[in-house]
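What follows is a set of notes on a single structure, which appears directly below.
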Amino acid sequence: MARFLVFKVGTGNYSMNVDRVAAIETINYINTAASNGNILGIIDLRGDVVPVASLRKKFGFPETPVTEKTDILVTSVNGSRVALKIDAVREIVDDANLSEGIPEVARKASTTYVKGVIHLGNELVIVIDPDSLMTEESEVISTIVREADEKKAAEKAKQEEERRRLAEEEAKRKAASENN
């Protein structure tokens, strides 16, 4: 038995293992400078640049605008943090039985991200695997994260250089005042 976070995207209900969800956040802005396909852009999440992927676009639903109530699930995709934009969080289900896989007749190449289904009353909820779900986007995600890390490292080096320069100037002033 496992715990699953159930969420809504378009007309469907989906879920993922709670262990794969690092955070549930509400955002009101996405920087779209890095948008590419299903990647809507990036957000600053507590000082880290995190790519935002649209599950509406991924699942073939029309995209909705970002509002002050836009929900995201923060997860890890192949080692990189990613925010998955969803329509709404429904609930956390404890002790759900995962029926692994989907019937062969329903399986397509585009559904390789489906780990199985859980039963929620009379409803079947699709369980997704974030790594498989974002396979096509993983290169874009890696590039965004790498570029953000490089920019952060360059900014940190620049700040460190400025601190060194100021410390040297202060040491020179101190030495000059002691010589006078």
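Readers should treat all values here as calculations from the given coordinates under stated rules, not as data from a laboratory. The shown structure was predicted, so the numbers you read here are calculated from the model rather than taken from an experiment. With ideal geometry, Cβ positions are generated from the backbone for all residues, glycine too; neighbour counts draw on all protein chains shown.
Only one entry in ALA34, ALA2 is crowded, with 16+ Cβ neighbours inside 10 Å and not acidic (Asp, Glu), namely ALA34. Counting the residues of segment 125-153 that are in contact with a Gly (Cβ under 9 Å, 6 or more places away or on another chain), outside any helix (DSSP H, G or I) and within 17 Å of GLY37 (Cα to Cα) gives 2.
Restricting segment 122-137 to residues that are farther than 16 Å from LEU40 by Cβ and surrounded by fewer than 18 Cβ atoms within 10 Å (Cβ to Cβ), the residue that is farthest from the chain's Cα centre (by Cα) is ASN122.
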